[in-house]
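None of the figures in this text is laboratory data; all of them are computed from the coordinates on show. Please read all numbers here as calculations on a predicted model, not as lab measurements. A quick note on method: Cβ atoms are made from the backbone with ideal geometry, for glycine too, and the neighbour counts reach across all protein chains shown.
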Amino acid sequence: MNKKKKKISLGYMILLFVIIFIILIVFLAYSFKSEKKLNTFESIIKDSVLEIQKIVYIPFMGLDNMINDYNRLRDVLKENKILKSNVDKIESTQAENEELRQEIKKLKEELKIEHVLSDYDYLNATVVNRNSISWYNVLSIDKGSNNGVEEGMVVINSSGVIGKTTNVSAFSCDVRLITTTDTNNKISVSIVSGDKRLTGVINRYDYKTGFFEVEGISNTDKVSVGDVVYTSGLGGVFPSGILIGKVSDITTDNYDLAKIIKVTPSAIFDDINYVTILKRKDK
């Protein structure tokens, strides 16, 4: 009987505690929302509950901060891992670049090529004059000796080689185009055919068809339509590796000994408005 009374008393105590707790919550909610001035008892109760709330909240706040710190640390470690990977890639790329520089140096010595595109700085210019009488021979641009331009510098545009500088003045110069009728300005070219690199010379530009004619390649050498044509770098006039165009037609000469190759230019010579001058870095 006593045990039963004790169980009933404990149950009543828990119920009473829950009721008191609910009353306090309601009271606090009313107190926070109400704009009336609190009496001493209400102030004590409110402050006590807030202190209890603060004590209970602090561990959770600390745990939340610890979780946030852990997440930030994890992100930092992840970023450091990515950065380390990038640093390793940079070091690897630098090593590859150094190896490529050595290979280029050896190739230049073996092929007797004096300069390649990496040996040059770029100076942009605008076409300011082009005479219809000498349309395919020469044009004028707005850069001259004050900009570091010298006679014989290579001129290109986004599509390929255009020509070289001539008649340089302080603020302008002429560009002799590779389409010129001047036979003294022949250009040595390389035709990439499979694994082979064949060397020939641009003989002339056909204004009617819009093709370059390349000669000097043996009829026994294999050349295919679509093969890419670059400057060879031989002769010291143009650096190697500048795009000229693609092979569009192949025939043979009258003696059936050499190929006559027609090349479609990559540059559109009827529409040249902006060009780039290649300046040697050691100038």
Report summary line: On the formula 1/(1 + (r/R0)^6), with r taken between the Cβ atoms of Val192 and Asn131 and R0 of 25 Å, the FRET efficiency rounded to 0.05 is 0.10
Report task. Compute the Cα gyration tensor for segment 187-265, then decide on rounded, prolate or oblate, letting a ≥ b ≥ c be the square roots of its eigenvalues: rounded whenever a/c is under 1.5, prolate when a/b is larger than b/c in the other cases, and oblate in all that remain. Result -> rounded
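Which of Leu177, Leu123, Leu73 comes first, and how do the rest follow, when ranked by fewest Cβ neighbours within 10 Å? Write out the running numbers ahead of the final one.
Details: Leu177 24, Leu123 17, Leu73 10.
Sorted ascending by nearby Cβ count, the order is Leu73, Leu123, Leu177.
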Query raised in the report: To the nearest Å, what is the center-to-center distance of segment 143-217 and segment 238-283, using C-alpha atoms only?
Result: 7 Å
Query - Net lengthening on full extension, Arg280/Glu151 (0.36 nm per residue, minus Cα-Cα) - result: 45.2 nm
